[in-house]
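J.: Once you've had a glance at the structure underneath, I'll fire off some questions.
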Amino acid sequence: MENFEGLLEDLKSKDSKVRADAARDLGKVKDRRAVEPLVEVAQDFDGDVRRFAIWALGEIKDREILVTVITALSDDDWRVQREAAEALGKMGDVQGVGPLLQVLETSNDALHWHASWALGEIGDGRAVEPLINLLRDEDPQKRWHASWALGEIGDGRAVEPLINLLRDEYALVRQYASLALGRLKSEKSIESLVSLLGDGDFSVRCSAANALVAISPSREALKWYEAGQDEPHNRYIEWVIDRVESD
C-alpha cells in the first residue's frame, strides 16, 4: 500500500482502476484527512470508484459525510447503494433511519438485506413498526431480514409478531424469528420456542435451543423436548440443557 499522500494523488489519476484502488486503500488507513477527497470522488463517473469511496467513508465514520452517504442510497449502481446502506449501519447515526426505511419500501432484493442490517445496527425504535409490517410480506427473504433487524433493535413490540412467525412455512424464516426472540429475551416466547425443538429442520431446532438458552428458562421447559429427531441434534439439546443447568 502506498503512503497517505501517494494515495491522495492516485485519487486524481486518469485511470479509474487506480482511483478505485486508492479509495479502497484510504478506507483501510481510516485517516480523517481523506474525507474531503473521498467525498469528491464519491461523485466519480465510474461505479467502482464511487462504491469504494463510499465504503472508505463508512470505515472512517465521520459525521460530516452523512449527506454524501445518504445521497449515495439513490445512486444508479446498486453496488454503490449497498455500500451506502452498510456505511450508515457502521456509523450508527439515527439520521440514517428515514432514508434506510425508504430503501426498504423501494429496493430490489439484493439491497433489501443491507438496509435491514443497517437498521438493526442503528437500533432506533422508529424502524420497529415498518419492520414488523415486513414480517407479513409475501417474500420470505424480507421476512427473515426483518426478523434479524428486530432482534438487533430489541424492542418488545416485536415479540408477538415474531412468535407468530415461528409457524412460517419457510425454515429460514422460523430460524431467524427464533434467534430474534432469543435476543429479545421474552419469557412469553418460551412455549412456542420449545415446540420448535421438534421442528423438521435441524437449523431451526438449534436456533430455538439457542434462543431458549438466551432467555434462560428452567430446565423443565427444555425437558418438554421429546428425543428422537436425530443423533447430532439430541447431543446438541443435551449440551443446551447442561448450559441451562450450569447457569
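J.: Rounded to the nearest 500 deg cm²/dmol, what is the calculated helix-only ellipticity per residue at 222 nm for the chain, with -39500 (n - 2.57) per DSSP H run of length n ≥ 4?
T.: Calculated mean residue ellipticity at 222 nm is -20500 deg cm²/dmol.
J.: With an 8 Å Cα cut-off and a minimum separation of 6 or more residues, compute the relative contact order for the range 1-97 in percent.
T.: Averaging sequence separation for qualifying contacts and normalising by length gives 23 percent for the range 1-97.
J.: Something else now. Between Asp31 and Glu105, what is the label-point separation in nm under the 7 Å Cα-to-beta-carbon projection?
T.: 4.2 nm
J.: Further question: Specify the angular offset, from 0 to 90 degrees and rounded to the nearest 10, of the alpha carbon long axis of helix 109-122 from the longest principal axis of the alpha carbons in the chain.
T.: It works out to around 80 degrees.
J.: Also, I was wondering about something else. Round to the nearest 10 and give me the degree value, 0 to 90, for the angle of helix 47-60's Cα axis relative to the longest principal axis of the chain.
T.: With rounding to tens, the tilt is 70 degrees.
J.: Moving to a separate point now. Against the longest principal axis of the chain, how steep is helix 97-106, in degrees 0 to 90 to the nearest 10, with axes from Cα atoms?
T.: Helix 97-106 sits at roughly 80 degrees to that axis.
J.: Considering the chain as a Gaussian network with a 10 Å cut-off on Cα pairs, which listed residue, Lys90, Lys142, Lys28, attains the greatest mean-square fluctuation?
T.: The residue with the greatest mean-square fluctuation here is Lys28.
J.: Run the numbers for Val18 and Lys61: contour at 0.36 nm per residue of separation, minus the present Cα-Cα distance, in nm.
T.: Contour length minus Cα-Cα distance gives 13.2 nm.
Rule-based calculations on the coordinates, nothing more; no lab input. In this text the structure is predicted, and so the values were computed from the model without any measurement. All Cβ positions, glycine included, derive from the backbone under ideal geometry; neighbour counts span all protein chains shown.
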